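Inspection log for the structure reproduced underneath, given as structure tokens.
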Amino acid sequence: MEHNSPPLERLIMEIELQINHSLWNEGAISEELYRRAQELIIKKQGRGNDGSICDPQ
């Protein structure tokens with residue numbers, strides 16, 4: 001498995017979070033699914049919830 005550089009990993013995570021947020025805004029996924037996916041995306045990157053751009057609060 002190839003490892004990406006930290007900036008590239010961060011970019012990938014932000015893109016995944018943005019897609020997840022767009023799906024939620026469009027009503028394609030429920031809020032529960034949105035929250036679970038957000039947690040998994042962040043956890044996959046080994047980072048804590050840092051208040052990324054996709055947090056609706």
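If I ask for residues that are among the aliphatic types (A, V, I, L, M) and either exposed (fewer than 12 other Cβ atoms within 10 Å of the Cβ) or under 9 Å from the mean Cα position of the chain (by Cα) (or both), which ones from region 1-11 would you list?
Result: MET1, LEU8.
Which pairs turn up if I take residues in region 35-54 that are under 19 Å from LEU23 (Cα atoms) and among the hydrophobic types (A, V, I, L, M, F, W, C) and look for partners that are modelled with pLDDT of 75 or more and part of a loop (DSSP other than H, G, I, E, B) with beta carbon separation below 8 Å, at least 6 apart in sequence or on another chain?
ALA37/ILE29
Can you work out which of the residues in region 14-54 that are part of a helix (DSSP H, G or I), modelled with pLDDT under 95 and open to solvent by 70 Å² or more (accessible area, probe 1.4 Å) is farthest from ASN4 (Cα to Cα)?
LYS43
The values are calculated or read from the model by the stated rules, or taken from the named source; none is laboratory data. Small disclaimer: the values here were computed from a predicted structure and weren't measured. Here Cβ is always computed from backbone atoms with ideal geometry, including for glycine, and neighbour counts include all displayed protein chains. We work out accessible area using only protein heavy atoms, side chains counted, and drop any ligands, DNA or RNA first. Shrake-Rupley method; radii C 1.70, N 1.55, O 1.52, S 1.80 Å.
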